Amino acid sequence: VLGNAHVSLFFAGGQSPSSARRALAAYAQAERVDPTAAANPDLHLNRATLLQYLERFQAALEGLSRAAELAPGWDEPRKRHGNLLEFLSRLCSLLANR
């Protein structure tokens, strides 16, 4: 919950790097102290969303994959994973052809 609050502040408050750091720290702490949090697909999806905005694409893809593993019937993580891969592929093509 604390991580999500900091993510909300990140997006509402001009994408402050300190809010992003606090959110990532809160997610990491939640995983360390609560084993059920580590198995929560929402935690992984929300963190991956933040990581994507921070352009930490590898970590974002890993988080989306983890969310998809934890919730096989939930299409959102797989959809976002595919969208991010497509974006990165287009970006690489544009950079190669510039």
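The values are calculated or read from the model by the stated rules, or taken from the named source; none is laboratory data. Keep in mind the model is a prediction, meaning the values are calculated, not measured. Quick reminder, even Gly has a Cβ in these numbers, built from the backbone with ideal geometry, and neighbours come from all protein chains shown.
Below are the figures for this structure:
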item: Answer from Leu43, Leu9, Leu50 - the residue that is touching an Asp or Glu at 6+ places or on another chain (Cβ under 8 Å) and without any contact (Cβ under 8 Å) to a residue 60 or more places away in the chain; result: Leu43
item: Pairs with Cβ under 9 Å, 6+ apart, first in segment 59-88 and surrounded by 14 or more Cβ atoms within 10 Å (Cβ to Cβ), second outside any helix (DSSP H, G or I) and not polar (S, T, N, Q); result: Ala60/Leu54; Ala67/Trp74; Ala68/Trp74; Leu70/Ala39; Pro77/Ala71
item: Total residues in segment 23-76, condition within 14 Å of Asn4 (Cα to Cα) and modelled with pLDDT of 90 or more; result: 21
